[in-house]
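S.K.: Have a look at this one before I ask anything.
The values are calculated or read from the model by the stated rules, or taken from the named source; none is laboratory data. Source: prediction; values computed, not measured. Cβ placement follows ideal geometry from the backbone for every residue including glycine, while neighbour counts extend to all protein chains displayed. With ligands, DNA and RNA removed, areas are computed over all heavy atoms of the protein, side chains included. Shrake-Rupley method; radii C 1.70, N 1.55, O 1.52, S 1.80 Å.
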Amino acid sequence: MQIIIEVPDDIKTRMEEKWGNLSQKMMTNLALEAYQNQLISTAELGEMLNMPSRLETHAFLKQAGINLNYDEDELEKDLITLQELRQK
């Protein structure tokens, strides 16, 4: 999906000077908002922001001051992964 937002050039310039790439800034803010509202999982957050690992996603959330949404489904997935790793 592509979203287009029109911002006056002078405001865009000031924003880019402060935040850099505005598309990335908007994607990051949108993903964080969706995560905080439990619309997406930790894995989906990492996918949206092209993070290579779950640990990097967790570190990103910590840096942003956002607690993990760790529910029973994620616990079950982690337990399955742990069992698979122990069998190797």
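S.K.: Ignoring everything but the protein chains, give the 1.4 Å probe accessible area of TYR70 in square angstrom, nearest 10.
M.R.: Result for TYR70: roughly 110 Å² accessible.
S.K.: Also, I was wondering about something else. How are the Cα pair distances of segment 1-48 distributed, in percent, across 5 Å bins from 0?
M.R.: Calculated P(r), rounded to whole percents: 5, 19, 24, 20, 15, 11, 6, 1.
S.K.: Of the candidates ALA34, ALA43, ALA59, which one comes out as most mobile in a Gaussian network treatment of the chain with C-alpha springs shorter than 10 Å?
M.R.: Result: ALA59 has the largest fluctuation of those listed.
S.K.: LYS12: which lysines have alpha carbons under 26 Å from its alpha carbon, excluding same-chain residues fewer than 8 sequence positions away?
M.R.: LYS25
S.K.: Now for a different question. What does the charge count around TRP19 come to, taking other residues whose C-beta lies under 11 Å from its C-beta (Lys +1, Arg +1, Asp -1, Glu -1)? Could the numbers behind the result be given before it?
M.R.: Details: positive: LYS12, ARG14, LYS18, LYS25; negative: GLU16, GLU17.
It works out to a net charge of +2.
S.K.: Toward the positive end of the charge dipole of the chain, about the Cα centre and with charges on Cβ (Lys, Arg +1; Asp, Glu -1), which of LEU82, PRO8, LEU39 goes farthest?
M.R.: Of the options given, the answer is LEU82.
S.K.: Run a plain Debye calculation on the chain (Cα atoms as equal point scatterers, no solvent) and give log10 I(q)/I(0) at q = 0.15, 0.16, 0.22, 0.23 Å⁻¹, rounded to two decimals, same order as the q list.
M.R.: -0.69, -0.75, -1.13, -1.19
S.K.: Through the Karplus equation 6.51 cos²θ - 1.76 cosθ + 1.60, θ set to phi - 60°, convert the phi angles of segment 62-75 into ³J(HN,Hα) values in whole Hz; use x for Gly and Pro.
M.R.: These are the phi-based 3J(HN,Hα) values: 4, 4, 7, x, 10, 6, 5, 8, 10, 9, 4, 4, 5, 4 Hz.
S.K.: Could you pull out every one of the lysines with an alpha carbon less than 30 Å from that of LYS18, ignoring same-chain neighbours closer than 8 positions?
M.R.: Straight-distance partners of LYS18: LYS62.
S.K.: Charges only on Cβ, +1 for Lys and Arg, -1 for Asp and Glu: so what's the dipole of the chain about the Cα centre, in debye to the nearest 20? Intermediate results must be reported in sequence, preceding the final value.
M.R.: Values: 9 positive and 16 negative charges, 68 e Å.
Computed charge dipole of the chain: roughly 320 debye.
S.K.: Compute the relative contact order of the chain as a whole-number percentage, counting only Cα pairs closer than 8 Å that sit 6 or more residues apart in sequence. Could you put the intermediate results ahead of the total?
M.R.: Working: 35 pairs, mean separation 15.0, N = 88.
Relative CO of the chain lands at 17 percent.
S.K.: Can you give the helix-only mean residue ellipticity at 222 nm for the chain, where every DSSP H stretch with n ≥ 4 adds -39500 (n - 2.57) and the sum goes over all residues, rounded to the nearest 500 deg cm²/dmol? Display every interim value, and only then the final one.
M.R.: Details: 5 runs with 59 residues, N = 88.
For the chain, the value works out to -20500 deg cm²/dmol.
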